[in-house]
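The values are calculated or read from the model by the stated rules, or taken from the named source; none is laboratory data. Small disclaimer: the values here were computed from a predicted structure and weren't measured. Counting neighbours? That spans all protein chains shown, and the Cβs are built from the backbone with ideal geometry, glycine included. When the accessible area is computed, the model is the full protein with side chains, heavy atoms only, and any ligands, DNA or RNA have been set aside. Shrake-Rupley method; radii C 1.70, N 1.55, O 1.52, S 1.80 Å.
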Amino acid sequence: MVRRIISTLILIPLAVVIIAFAVANRQWVTVSFDPFSSTSPAYAATLPLFAFIFVALILGVVIGGAVVWIGQAKWRRTARKLDNDVRVLHQELDAVRRRFAPEPPPASPDPSPYTVILPPIP
């Protein structure tokens, strides 16, 4: 419940800022991906400024996440190895416990339908 309230307190103002940014930056801009010809570029895109900024932000988040994920490969590999080591050690511990477990008491023979009462000792 607290997490939901905190999320709401963060997301509502963030949404207001994003909408205000989009409304303030509605101008159409042309971005050229041809460094040699500015008059007739090989590829150019014309979109509102906020769209370019949002696309750049999203690409930055995706690329940054991929770089961090690749950078953590060593730690994930180590965690996987240690997890396998723990699993093997648990199996060994179970085998040792089974080997040294106390033996169950021997099963009593089938009881007869009659009760034997021993005579008193004088």
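Summary table below
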read-out: Options Thr46, Thr30, Thr78; residue that is of a type in the set (S, T, N, Q), open to solvent by less than 70 Å² (accessible area, probe 1.4 Å) and not in a loop (DSSP other than H, G, I, E, B); value: Thr78
read-out: Residue within the range 83-95 that is out of contact with any Phe, Trp or Tyr (no Cβ under 6 Å at 6 or more places or on another chain) and assigned to a loop (DSSP other than H, G, I, E, B) present; value: no
read-out: Residue within the range 39-62 that is more than 30 Å from Ala24 (Cα to Cα) and either among the small types (Gly, Ala, Ser) or in contact with a helix residue (DSSP H, G or I) (Cβ under 8 Å, 6 or more places away or on another chain) (or both) present; value: no
